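Engineer: My questions will all concern the structure given below.
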Amino acid sequence: MSSPKYKRILLKLSGEVLMGSQQFGIDPQFVSELAGEVKAARETGLEICLVIGGGNIFRGMAASAKGMDRAQADYMGMLATVMNALAMQDALEQLGVPTRVQSAIEMDKVCEPVIRRRAERHLDKGRVVIFAAGVGAPYFTTDSGAALRAAEMRCDALLKGTSVDGVYDSDPKSNPDAKRFESVDYDTVLADNLKVMDASAVALCRDNDIPIVVFSVREKGNLARILAGEGTRTIVTKGA
């Protein structure tokens, strides 16, 4: 694996990718494969923060749309992200990668609270830090949580691993003629509502000059290619 051009990254994974080929929940084999890619990236000397969504277990906005109180639903979604974080921690540690989970909702029996200086110390010691429970408040998604942690931890880039291989001008699942961007600027993403991340997350990355790299994490070995400056992806920056 080529040396990455970044020193510290935040890797945002959608909860859905943890399902693997299943329709719901966590696929331990696929999580183990993802952990292997994170381990390979770490072995290059890269400092890695992780944020994982909870959509494979519970999605607050979907429940809210069906009549559940939005704040209550969002708190349930935050708990789902903690479950995913613990699953990834277990997979990484089985591969010998020291890992810490920090949750924005305090639950000291299973993980640490989010403390920036402690997270910095973990990274200095070569540990992977997984941030769970979003920002700890309803009405914010894990995209916003990822952007916040990327800014807080002074990451060089936010890598968003999803089920699609970049940013398109329309939904590639419903439009076979959708065009993928090699690069695009933050303002275009916001103005054209390109669905990269939530608007608040994109704006936060723009204001802190954090590039967003969108790629498919389902393709084996793709994280290594992206870090080497190769592979299919879209980069969102100021001067695209």
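Just so you know, all these numbers are worked out from the coordinates, no wet-lab data involved. Please read all numbers here as calculations on a predicted model, not as lab measurements. Please note: Cβ atoms are built from the backbone with ideal geometry, for glycine as well, and neighbour counts cover all protein chains shown.
Engineer: Taking the residues in region 195-240 that are assigned to a loop (DSSP other than H, G, I, E, B) and either touching a His at 6+ places or on another chain (Cβ under 7 Å) or among the basic types (Lys, Arg) (or both) as candidates, determine which candidate is farthest from Val135 (Cα to Cα).
Structural biologist: Step one: filter region 195-240 for residues assigned to a loop (DSSP other than H, G, I, E, B), giving 195-198, 208-211, 217-221, 228-232, 238-240.
When the remaining residues are screened for being either touching a His at 6+ places or on another chain (Cβ under 7 Å) or among the basic types (Lys, Arg) (or both), the result is 195, 218, 220, 238.
Details: Lys195: 20, Arg218: 26, Lys220: 30, Lys238: 25 Å.
Filtering first and then ranking leaves Lys220.
Engineer: Just give me the residues in region 218-240 being within 14 Å of Val167 (Cα to Cα) and aliphatic (A, V, I, L, M), in sequence order.
Structural biologist: Correct list: Ile235, Val236, Ala240.
Engineer: Does Phe140 qualify as being aromatic (Phe, Trp, Tyr), surrounded by 18 or more Cβ atoms within 10 Å (Cβ to Cβ) and in contact with a helix residue (DSSP H, G or I) (Cβ under 6 Å, 6 or more places away or on another chain)? Steps first, answer last, please.
Structural biologist: On the way: aromatic (Phe, Trp, Tyr): yes; surrounded by 18 or more Cβ atoms within 10 Å (Cβ to Cβ): yes; in contact with a helix residue (DSSP H, G or I) (Cβ under 6 Å, 6 or more places away or on another chain): no.
Here the answer is no, as Phe140 does not meet what is asked.
Engineer: Still on this structure, please answer the following. How many residues are assigned to a loop (DSSP other than H, G, I, E, B) and β-branched (Val, Ile, Thr) when one looks only at region 139-175? Working first, answer last.
Structural biologist: Let us first name the residues in region 139-175 that are assigned to a loop (DSSP other than H, G, I, E, B), namely 139-141, 153-156, 163-166, 169-175.
Subsequent filtering for residues that are β-branched (Val, Ile, Thr) retains 141, 164.
The number of residues fulfilling the criteria is 2.
Engineer: In region 1-44, what count of residues is obtained for those that are within 14 Å of Gly161 (Cα to Cα) and not in a helix (DSSP H, G or I)?
Structural biologist: 7
Engineer: Separate question: Are any residues in region 116-133 basic (Lys, Arg), surrounded by fewer than 18 Cβ atoms within 10 Å (Cβ to Cβ) and assigned to a loop (DSSP other than H, G, I, E, B), and if so, which ones? Break it down into steps so the answer makes sense when it comes.
Structural biologist: As a first pass, look at region 116-133 and keep what is basic (Lys, Arg): 116-118, 121, 125, 127.
Adding the requirement that they be surrounded by fewer than 18 Cβ atoms within 10 Å (Cβ to Cβ) leaves 116-118, 121, 125.
Across region 116-133, the qualifying residue is only Lys125.
Engineer: Something else now. Kindly indicate the residue of region 162-179 that is touching a Ser or Thr at 6+ places or on another chain (Cβ under 7 Å) and surrounded by 16 or more Cβ atoms within 10 Å (Cβ to Cβ) and also farthest from Arg218 (Cα to Cα) among those meeting that condition. Steps first, answer last, please.
Structural biologist: From region 162-179, those touching a Ser or Thr at 6+ places or on another chain (Cβ under 7 Å) are 162-167, 178; that's our starting set.
Add one more test, that the residue is surrounded by 16 or more Cβ atoms within 10 Å (Cβ to Cβ), and what stays is 162, 164-167.
Details: Thr162: 7, Val164: 8, Asp165: 9, Gly166: 12, Val167: 16 Å.
Restricting to residues being touching a Ser or Thr at 6+ places or on another chain (Cβ under 7 Å) and surrounded by 16 or more Cβ atoms within 10 Å (Cβ to Cβ), the top hit is Val167.
Engineer: Is there any pair with a first residue in region 93-104 that is under 16 Å from Ala41 (Cα atoms) and without any contact (Cβ under 8 Å) to a residue 12 or more places away in the chain and a second that is surrounded by 20 or more Cβ atoms within 10 Å (Cβ to Cβ) and among the hydroxyl-bearing types (Ser, Thr, Tyr) whose Cβ atoms are under 7 Å apart and which are 6 or more apart or on different chains, and what are they?
Structural biologist: Cβ pairs passing all conditions: Glu93/Thr99.
Engineer: Could I ask something else about it? Name the residues in region 26-58 that are in contact with a Leu (Cβ under 8 Å, 6 or more places away or on another chain) and without any contact (Cβ under 8 Å) to a residue 60 or more places away in the chain, would you?
Structural biologist: Within region 26-58, Asp27, Phe30, Gly36, Lys39, Asn56, Phe58 qualify.
Engineer: In the list Gly54, Gly136, which residue meets the criterion of being of a type in the set (Gly, Ala, Ser), in contact with a Ser or Thr (Cβ under 6 Å, 6 or more places away or on another chain), within 21 Å of Lys160 (Cα to Cα) and not in a helix (DSSP H, G or I)?
Structural biologist: Numbers: Gly136 fails: in contact with a Ser or Thr (Cβ under 6 Å, 6 or more places away or on another chain).
Just one listed residue meets the conditions, Gly54.
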